[in-house]
Amino acid sequence: MGAPDDREPQLKRLLVAARYRVDDATIGVVAYRATDRRAVAILAGPVSPLEADREFPTGCVHRTLVYAEEPGPAARGAAAEHGLEILVPETLGTALGELLLLPELAVGPSERAGEETPPGPVETPIAAFPPGERVVRPRLGRPEAELIAGVDGFRYTLRLVPYYVAPYRVREPAPHGRVGAVREFWVAVHGLSGRTEVWEPGDRELTGELSEPHERLEPTVPDDRAREIAEQRLRERHTVSVDHTEQHGGALVIERRKVAPEPNDLKIGSFAVVHVPFWYVEGADGRVVIDAVSGARSLPEGRAAPGR
């Protein structure tokens, strides 16, 4: 018995794109993502939930079993007792959005704790944005988009959506006057809506052009406005809560303050326009937009940029 509707290859590609480690196992396929400790088992037969559970790494927080067909009330009862989620073909599509959602980055790929001086200017590496077309290579084709959409779509269109992308460096505030850690990320501002995302360096591969038929959209948010949006959103993102403790007579008073990075502690490099592929699925029930890199569902374009 195969995976749901023989979709195992598509499911494996989706999980890999969402940063799961995917391994073949005796029960089928086991995928694990260490950043949020999620685990998914794509079962190759009528495996009992308890047998499948033994294949998961120790310490999993969320465990999901994907069956090719309804396993029955006994299996569901055993799964419920042990905190296991069961998905079948009828419920798989709607649940994929949560399983593929990338966790928030808690720590940057470069962190230099205790750096004494404020971070200097951020230089955008020339190799990061080579001359010519700057298109993020899609990882997911139409079969994977159909699986994620979970709806009857009569038209699938691959659109290249513009983003303003730049590296940035930040030193977050730390309590008791200590020097905070310096972290490095990439910021991406949606060129149509102004929505801001934080990318992990090296997570997206650029290519010159795509062989897949596609439509290209151009930015409507001005580049100077994109920088304003990025600075505002990043300052909010890296604002931390700091407990300030004082002794007043015999009482200990703890005050929680919101502290934003100092002006010199947030530096953003030069922006470049990068086109990111999205699958637009149109059907009788409306439109579904799917990131062709991560598999996450996204908002349609055309939303107004945040106000000043």
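The values are calculated or read from the model by the stated rules, or taken from the named source; none is laboratory data. Since the structure is predicted, the reported quantities are computational estimates derived from the model, not experimental observations. Here the Cβ is made from the backbone with ideal geometry for all residues, glycine too, and neighbour counts use every protein chain on show.
Report yes if some residue within the stretch 161-172 is modelled with pLDDT under 70, assigned by TED's automatic domain parsing to the domain that holds Lys267, surrounded by 16 or more Cβ atoms within 10 Å (Cβ to Cβ) and more than 18 Å from the chain's Cα centre (by Cα); otherwise report no. Talk me through it step by step, then tell me what you get.
Our first condition is that a residue be modelled with pLDDT under 70; within the stretch 161-172, this holds for none.
Checked the stretch 161-172: no residue is modelled with pLDDT under 70, assigned by TED's automatic domain parsing to the domain that holds Lys267, surrounded by 16 or more Cβ atoms within 10 Å (Cβ to Cβ) and more than 18 Å from the chain's Cα centre (by Cα).
Being at pLDDT below 60 and exposed (fewer than 10 other Cβ atoms within 10 Å of the Cβ) is the requirement here; does Glu246 meet it? Here the answer is yes, as Glu246 does meet what is asked. Test His214 against the stated conditions and say whether it is in the same structural domain as Ala272 (by TED's automatic domain parsing) and surrounded by fewer than 21 Cβ atoms within 10 Å (Cβ to Cβ). Here the answer is yes, as His214 does meet what is asked. Condition check for Pro4 on (1) modelled with pLDDT under 85; (2) more than 19 Å from the chain's Cα centre (by Cα); (3) surrounded by fewer than 20 Cβ atoms within 10 Å (Cβ to Cβ): one failure, at (3).
Residue-by-condition table, conditions (1) assigned by TED's automatic domain parsing to the domain that holds Trp199; (2) within 24 Å of Pro73 (Cα to Cα); (3) in contact with a helix residue (DSSP H, G or I) (Cβ under 8 Å, 6 or more places away or on another chain):
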| residue | (1), (2), (3) |
| --- | --- |
| Tyr20 | no, no, no |
| Thr35 | no, no, no |
| Leu43 | no, yes, yes |
| Val47 | no, yes, no |
| Glu51 | no, yes, no |
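Of the candidates Ala74, Ala34, the single residue that is under 30 Å from Pro277 (Cβ atoms), surrounded by fewer than 21 Cβ atoms within 10 Å (Cβ to Cβ) and free of Cβ contacts under 8 Å to residues at least 24 places away in the same chain is Ala34.
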